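Below is one structure, written out as structure tokens; comments come after it.
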Amino acid sequence: MSIIAETSATRIPTGTWAIDPVWSSLEFEVRKMGLIPIKGRVPGFAGTIEGGEQASIEGTVDVASITTFDETRDGHLQSPDFFDVERYPELHFESSDITFEAGQVVVTGNLTIKGETKPVQLRGDFLGSGEDPWGNERIGLELEGKIDRTEFGLNWNAPLPAGGFLLPNDVKLKATFAAVRTS
């Protein structure tokens, strides 16, 4: 006979954790014409997670690295119609609060895109901690949220012949972080 104890995290383990971009991912999705999901990925990012009583997450994104795997669309995203990468080369996120509610981690913070800073909330799971084969202690965190792109000055759109617009205002965000203890 065995006894299995189920526990859920109530905080991120104490310490400083560097987000490992090789083991992590940042993704977004919009539904063109309300039908077709177009997904993008952000390979160029860096961040830190502070664990313990006063947990926090902070990170930056290299806007030029954002890809939807289509060169023409990516060029348009980098133009002044969207991110204006020449004037605003980075996005920035800084948490203001991290709590655990009903088994989920809730991260509230400020996201800055094109010089506009707005509050956002991300929800998800603390995936746990463990040691990798090279002796590094790691934690895992998976978060999702949604933003209104127009709140950040990402206003470009195109009308559809039957009414409506090509792009929705809502953009889904997903972050999967594997972080390595640095202290």
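The values are calculated or read from the model by the stated rules, or taken from the named source; none is laboratory data. All values derive from a computational prediction rather than experimental measurement. We place every Cβ from the backbone using ideal geometry, glycine too, and count neighbours over all the protein chains shown. Heads up: the accessible areas ignore ligands, DNA and RNA and are worked out on the full protein's heavy atoms, side chains in. Shrake-Rupley method; radii C 1.70, N 1.55, O 1.52, S 1.80 Å.
Yes or no: Gly153 modelled with pLDDT of 95 or more, surrounded by fewer than 17 Cβ atoms within 10 Å (Cβ to Cβ) and touching an Asp or Glu at 6+ places or on another chain (Cβ under 8 Å)? Let's see the steps before the verdict.
On the way: modelled with pLDDT of 95 or more: yes; surrounded by fewer than 17 Cβ atoms within 10 Å (Cβ to Cβ): yes; touching an Asp or Glu at 6+ places or on another chain (Cβ under 8 Å): yes.
Spelling it out, Gly153 is indeed modelled with pLDDT of 95 or more, surrounded by fewer than 17 Cβ atoms within 10 Å (Cβ to Cβ) and touching an Asp or Glu at 6+ places or on another chain (Cβ under 8 Å).
Quick check: is even one residue across the range 131-148 in a loop (DSSP other than H, G, I, E, B), in contact (Cβ under 8 Å) with a residue 24 or more places away in the chain and of a type in the set (A, V, I, L, M)? For the range 131-148, residues in a loop (DSSP other than H, G, I, E, B), in contact (Cβ under 8 Å) with a residue 24 or more places away in the chain and of a type in the set (A, V, I, L, M): absent.
If you check Ser96 against the conditions, is it open to solvent by less than 60 Å² (accessible area, probe 1.4 Å) and free of Cβ contacts under 8 Å to residues at least 60 places away in the same chain?
In short, no.
Just so you know, in the range 48-74 the residues that are assigned to a helix (DSSP H, G or I) and in contact with a strand residue (DSSP E or B) (Cβ under 7 Å, 6 or more places away or on another chain) include one that is most open to solvent (accessible area, probe 1.4 Å), and it is Asp74. Are any of the residues in the range 18-32 more than 30 Å from Glu131 (Cα to Cα), touching a residue at least 12 places away in the same chain (Cβ under 8 Å), open to solvent by 30 Å² or more (accessible area, probe 1.4 Å) and outside any strand (DSSP E or B)? No, there is no match, as no residue in the range 18-32 is more than 30 Å from Glu131 (Cα to Cα), touching a residue at least 12 places away in the same chain (Cβ under 8 Å), open to solvent by 30 Å² or more (accessible area, probe 1.4 Å) and outside any strand (DSSP E or B).
Restricting to the range 99-108, name every residue that is in contact (Cβ under 8 Å) with a residue 40 or more places away in the chain and part of a loop (DSSP other than H, G, I, E, B). If the condition is that a residue be in contact (Cβ under 8 Å) with a residue 40 or more places away in the chain and part of a loop (DSSP other than H, G, I, E, B), then Gly103 is the only one that fits.
Restricting attention to the range 69-99, which residues are closer than 30 Å to Ala55 by Cα and either touching a helix residue (DSSP H, G or I) at 6+ places or on another chain (Cβ under 9 Å) or at pLDDT below 95 (or both)?
Just the residues of the range 69-99 that are closer than 30 Å to Ala55 by Cα, to begin with: 83, 88-99.
Once the filter is applied, which keeps residues that are closer than 30 Å to Ala55 by Cα and either touching a helix residue (DSSP H, G or I) at 6+ places or on another chain (Cβ under 9 Å) or at pLDDT below 95 (or both), the range 69-99 yields Phe83, Tyr88, Pro89, Glu90, Leu91.
If only residues of the range 4-30 that are modelled with pLDDT of 95 or more and either of a type in the set (Phe, Trp, Tyr) or more than 23 Å from Phe93 (Cβ to Cβ) (or both) are counted, the one that is nearest to the chain's Cα centre (by Cα) is Phe28. Checked against (1) under 21 Å from Ile12 (Cα atoms); (2) assigned to a strand (DSSP E or B), Ile38 passes all but condition (1).
Scan the range 84-91 and give yes if some residue there is touching a residue at least 40 places away in the same chain (Cβ under 8 Å) and within 28 Å of Lys32 (Cα to Cα), otherwise no.
Within the range 84-91, none of the residues are touching a residue at least 40 places away in the same chain (Cβ under 8 Å) and within 28 Å of Lys32 (Cα to Cα).
Given the criteria among the small types (Gly, Ala, Ser), open to solvent by less than 30 Å² (accessible area, probe 1.4 Å) and under 19 Å from Leu26 (Cβ atoms), does Ser79 qualify? Answer is no for this residue.
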